[in-house]
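Derivation of every value follows stated rules applied to the coordinates shown; laboratory data play no part. Quick caveat: nothing in here was measured; it's all calculated off a predicted structure. Neighbour counts run over all protein chains shown; Cβ positions are idealised from the backbone, glycine included.
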């Protein structure tokens, strides 16, 4: 029995999913940041360049949160292809991680740092802005739906992309 390695394309599938996750998260969070802008005092600033820099900075932070949530979910589930293999458990965990970090970050940046402030138009939930909380309740599931649709087109026919190094060949997958 010869042991043939998995094709390189199968090994790249989790990387493709992760890349799609980051790209879709980037677009969705950028749109959200601009949409929620009137709920922050920054919106009243006459310096458009400053507003754009802040929105890009916040979007970059959102993407890092999304990336960390994806990676921590993959580690917890033991599967980098969790959007295709275990989407329900994965999205609950990723959303919870993003939401928890965002709540802590909003509290810190509004009340302790203070790096930004809510306008009087921002609805609050226990002192945290509703818009950023909704952002992390709505965007990850939306990203998951988009990534799953796109990922289904590129999903490998066999293999599970487990984090365990035990699966190395096609024969190992069938044992």
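Quick rundown of the values:
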| quantity | calculated |
| --- | --- |
| When the stretch 44-129 is reduced to its Cα atoms, the Kirkwood hydrodynamic radius in Å | 14.8 Å |
| Estimated Rh, the stretch 9-163: Kirkwood, alpha-carbon pairs, angstrom | 16.4 Å |
| Inter-probe distance in nm under a simple model that places probes 7 Å from Cα toward Cβ, at residue 105 and residue 125 | 1.7 nm |
